[in-house]
Every structure is written in structure tokens, then in C-alpha cells.
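Peer 1: Quick one: structure below, then a few questions.
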Amino acid sequence: MPNRSVRKSSTSNDVPYAMQAPNRVPRERYYDRGFFEREKEKLWNRVWQMACRLQEIPRANDYVEYEICDQSILVVRQPDHSIKAFFNVCPHRATQIAKGAGTLPGGQLTCPFHGWRWNSDGSSSFIYGKQAFAPECMKPQEIALRECNVEVWGDSVWINLDANAGPLADAIQHAAAQLEGVAIENWRVKWWQETILNASWKMAQEAFMEGWHVMRTHPQLTLDAGETTPPDSLRYDTYPNGHCSFESTAPTRDFVNFDAMLASSQLLADGLDAMAIERDMKVLEGIRHKIKPGDSIRDAVAREMRDGHPQWFARAIH
């Protein structure tokens, strides 16, 4: 809840709009331009961020651009299938080198202004009129693309703009421990959607960090009328490094019959096309004859996804 009584700190060394209580966030943190600029300097330049999925750059020389605030990073698949990330700027006249996603022609990055070129590993491969430059300006380390810290985890590429950043494992250790339990490396994206919101990033993020909207926004997820779901059945946990999670603590309710389970799954497939998909529906139809009298329908579904189609299991239970 915004705290209307907190004022901006009087000295530049203090934290602007400091937290006075853990359950009240100063509202200025959501709209103050100075606080946003401080986040750009102190936060986004120093934290590990998921830049893309490996499935976006499956082949050698594939690239994708990642943008955060006023920074642009190119993530490039190398010929040996390792990953490198570069600040998307020519060291000559600071021209943006590439946009969006694609495959590097001939494995070359090319500046659209003066035609300087680099190999996919960031090393210089061509400079027009090189003899006109002073030799000390043409040292390999001076004309190579500036690299960004990059690591791979969970079938995703992570980048950090801070040259002195610690390892990714230290930053995500608590969240990683939970996600590894559902084989996150097996997840695959079925469809993509990008939306640019004219809002504070914190407002957009926090909408997905609480579960009380499910009753009204996603009633099909409650498997009942929605309002009967206990609002205190959600458990929230916070961890170091700013991570958190929430889950339902309500007793798991099995379906009355197989057709009820199938109807609920079809509703998810029709309405979201993500938490259940048409391929899942075909699998579910196929286990009708495998369910024995007294067997839990929910357990039978989970068992089929886990044992019969393990590559689908993580996404299916997400």
C-alpha cells in the first residue's frame, strides 16, 4: 500500500523514498523520475536478467536483441553452439549494429554506418580505410565488440551488464532450487506475445506476483465458482536477492469423474492455450481406459504426463 507520509530524503547519500515499514511502499517509487533513473544506475546495470530462450537462437550465428532501459544487448549463438553477448554498439561512432532477431549473414556483424565488420565472436574482421587510423587505435581489444557477462541456465540465456558481477548461480540459488524440481530445462514456449505498457515496471510485475486476482480474472483455474476458494489458502514465501513465490495450500480436490476433468482441461485449452493445449487433450483422451475404479483421476493424469510424456510434464503442470 502506498505510504503517503514518506517524503524524499534530504541528502543525496540517503535512499530516496526509503522503506519505513515492510508492508508499505512509498508511492513515489512507482512514478518518480529520479527514482527510476536511480534504478537504471543501481539496479538494471547490476542484476542478472533473462535475455532470451535458447530456442530463439537454435543455430550457429543466430542472434536476438535484448533491451533494458537505454541499453541494447545482442545475444549470439557461436559456431560451437556456445553463447556470447555484446553491447549493441559500434566502437567507432556508437551506431547500433543490429535490431530484432535473425541470422548473421556469413557469420558477420556489420555496422550500417561505416561498414565495420566483426566475426560472431566479436573480433574485428574488416575496417574500411584502416590505414587512416593511428596504430594504437587499431589494437584488437580496442576495436572488438564489448562483451557482456552471459550464462545459460534453465534453457535460457542470462546476461549481466556489470563486468564485476558475481555468478548467476549465487543470484538465483533459492529460485533455482524450486524450479529445478519441475525440470524447467524441458519447458518450451508454444506462443509469444510482447506488450509494451505505459506503466511502471513494478506495477506490471506485481500483478503477476499475487494470486487474489485469480478468482475474478481466471475463474476457470479455481475449478468451482471462484468465490468459494478460501482467500487465505495462498502461501507467499520471500527469498534473498528479491525472489518470491506463492502457491495454494488448499487441499487438492479430485475430479468427480473423467469427463469433468476433461471438460476442465478443455476450458483451459480454449481460454488460455497455454496451461493446457490441444496436444495435451489428445493425451488425456488416451488414458480413459487406464483409470481403475477408485484411482485418483488427478494422479492418473500426472502419472501419464510424467511417465508417458516426460518432455511435456514440466509445462503441463506449470
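Peer 1: Just name the residue that is surrounded by the most Cβ atoms within 10 Å (Cβ to Cβ) out of those in the stretch 186-217 that are closer than 29 Å to Ala302 by Cβ and in contact (Cβ under 8 Å) with a residue 60 or more places away in the chain.
Peer 2: Among those that are closer than 29 Å to Ala302 by Cβ and in contact (Cβ under 8 Å) with a residue 60 or more places away in the chain, it is Trp187.
Peer 1: Could you check, for the stretch 90-106, whether at least one of its residues is β-branched (Val, Ile, Thr), within 30 Å of Ala183 (Cβ to Cβ), touching a strand residue (DSSP E or B) at 6+ places or on another chain (Cβ under 8 Å) and not in a strand (DSSP E or B)?
Peer 2: No, the stretch 90-106 has no match at all.
Peer 1: Just checking, which of Gly100, Gly115, Gly107, Gly129 is in contact (Cβ under 8 Å) with a residue 40 or more places away in the chain and of a type in the set (Gly, Ala, Ser)?
Peer 2: Gly107
Peer 1: Still on this structure, please answer the following. Collect the residues in the stretch 53-91 that are touching a Ser or Thr at 6+ places or on another chain (Cβ under 7 Å) and either at pLDDT below 95 or within 22 Å of Ala171 (Cα to Cα) (or both), keeping them in residue-number order.
Peer 2: Arg53, Leu54, listed by residue number.
Peer 1: Among the residues of the stretch 80-87, is any assigned to a loop (DSSP other than H, G, I, E, B), of a type outside the set (Gly, Ala, Ser) and touching a Phe, Trp or Tyr at 6+ places or on another chain (Cβ under 6 Å)?
Peer 2: no
Peer 1: For the stretch 58-67, which residues satisfy the criterion of being in contact (Cβ under 8 Å) with a residue 40 or more places away in the chain and among the hydrophobic types (A, V, I, L, M, F, W, C)?
Peer 2: Listed by number, the list holds a single entry, Ala60.
Peer 1: OK, next. Within the stretch 129-147, can you find the residues that are of a type outside the set (Lys, Arg) and more than 19 Å from Gly115 (Cβ to Cβ)?
Peer 2: Ala134, Pro135, Glu136, Gln141, Glu147
Peer 1: Please enumerate the residues belonging to the stretch 96-133 that are out of contact with any Lys or Arg (no Cβ under 8 Å at 6 or more places or on another chain) and of a type in the set (Gly, Ala, Ser).
Peer 2: Result: Ala98, Gly100, Ala101, Gly102, Gly106, Gly107, Gly115, Ser123, Gly129, Ala132.
Peer 1: Another question about this same structure. Filter the stretch 115-145 down to residues that are surrounded by fewer than 17 Cβ atoms within 10 Å (Cβ to Cβ) and in contact with a Gly (Cβ under 8 Å, 6 or more places away or on another chain), then give me how many there are.
Peer 2: Residues meeting the conditions: 3.
Peer 1: For the stretch 49-74, which residues satisfy the criterion of being of a type in the set (S, T, N, Q) and on the phi < 0 side of the Ramachandran plot?
Peer 2: Correct list: Gln49, Gln55, Gln71, Ser72.
Peer 1: Go through the stretch 76-97 and report how many residues are under 21 Å from Phe126 (Cα atoms) and in contact (Cβ under 8 Å) with a residue 60 or more places away in the chain.
Peer 2: Number of matching residues: 4.
Peer 1: What about Pro310, is it surrounded by fewer than 16 Cβ atoms within 10 Å (Cβ to Cβ), modelled with pLDDT of 70 or more and closer than 24 Å to Glu185 by Cα?
Peer 2: So Pro310 fails the test.
Peer 1: Another one. Looking at the stretch 146-173, which of the residues that are surrounded by fewer than 12 Cβ atoms within 10 Å (Cβ to Cβ) and in a helix (DSSP H, G or I) is farthest from the chain's Cα centre (by Cα)?
Peer 2: The qualifying residue farthest from the chain's Cα centre (by Cα) is Asp170.
Peer 1: Quick test for you: out of Arg24, Arg4, pick the one residue that is modelled with pLDDT under 95, surrounded by 11 or more Cβ atoms within 10 Å (Cβ to Cβ) and outside the structural domain of Ala85 (by TED's automatic domain parsing).
Peer 2: Every option except Arg24 fails the conditions.
The values are calculated or read from the model by the stated rules, or taken from the named source; none is laboratory data. Small disclaimer: the values here were computed from a predicted structure and weren't measured. Cβ: placed from backbone, ideal geometry, glycine included. Neighbour counts: every protein chain shown.
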